[in-house]
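Heads up, the thing below is written out as structure tokens.
The values are calculated or read from the model by the stated rules, or taken from the named source; none is laboratory data. Owing to the predicted nature of the structure, the values given are computational and were not obtained by experimental measurement. Glycine gets a Cβ as well: all are built from the backbone with ideal geometry, and neighbour counts include every protein chain shown.
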């Protein structure tokens, strides 16, 4: 593994600065759990299977919020000898899980909607419309709390899309109920459901693709790997760059390693060669990146709990 590595450590991420959104998660979970109880109660009292089914769907979204919240909490776990980056990568797994759950939910809604074309069912009356209207307010308010972080953190975007999808479903129920009440056209119910599915899939597809890419250690969106390489190659004393790797540590933080060829460095190449060979022979580590430092106190990553 040839190379002379002499670049500064910087503890930074990509996108927006890290925020826990703890209050947003707590309020969102509380609001949605309360709404599930109300919706299920009215579903039982009004003998409405639709309301009971939607209560179950909302309960799955509470689970989605808890997964995203749990990932934020796990991201604060200190590094260990086994997990040398801590557990901050769990935010990527949470985003992936939430995107898959959203796609599955969309598929379930589409399946139920297609069945209703063959077996039209009368839409429940005013109670269903009122409860769905409350759902718009609850889910819409929760979604707004995650709006500011939805662009810089795909884990937060997953929570945002969950709540937005629920608000869209509730809005569809209200609109379909009003339209069917005015026209008597029962086919409007499944058609509205399929339109909602299209919106959910359109919004979730990008989240799913990015979550899969991050899980596979792809260069995070917004970082130009070629530009990074050009910058490193332009540094004084550097004549070539190789073995450049840029990967996500979490949904908000990025890491990088690179080998910089610096002919002016005396005695460093043989040392790096020997250590890299030993790492490969003794530990099976194929990519070794070393940084030579004269003053360890100048390194911001020297404390073992910082990654």
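Here are the numbers for this structure:
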read-out: Verdict on residue 197 being at pLDDT 85 or above, touching a helix residue (DSSP H, G or I) at 6+ places or on another chain (Cβ under 7 Å) and either part of a strand (DSSP E or B) or surrounded by 13 or more Cβ atoms within 10 Å (Cβ to Cβ) (or both); value: no
read-out: Residue that is nearest to residue 23 (Cα to Cα), among those in the range 134-147 that are in contact (Cβ under 8 Å) with a residue 24 or more places away in the chain and surrounded by fewer than 24 Cβ atoms within 10 Å (Cβ to Cβ); value: 145
read-out: Residues that are part of a helix (DSSP H, G or I) and either without any contact (Cβ under 8 Å) to a residue 40 or more places away in the chain or surrounded by 15 or more Cβ atoms within 10 Å (Cβ to Cβ) (or both), drawn from the range 211-227; value: 211, 212, 213, 214, 225, 226, 227
read-out: Pairs, first on the phi > 0 side of the Ramachandran plot and touching a residue at least 60 places away in the same chain (Cβ under 8 Å) in the range 85-113, second in a loop (DSSP other than H, G, I, E, B) and crowded, with 21+ Cβ neighbours inside 10 Å, C-beta under 6 Å, six or more apart; value: none
read-out: The range 82-99, subset surrounded by fewer than 18 Cβ atoms within 10 Å (Cβ to Cβ) and modelled with pLDDT under 90, residue nearest to residue 196 (Cα to Cα); value: 85
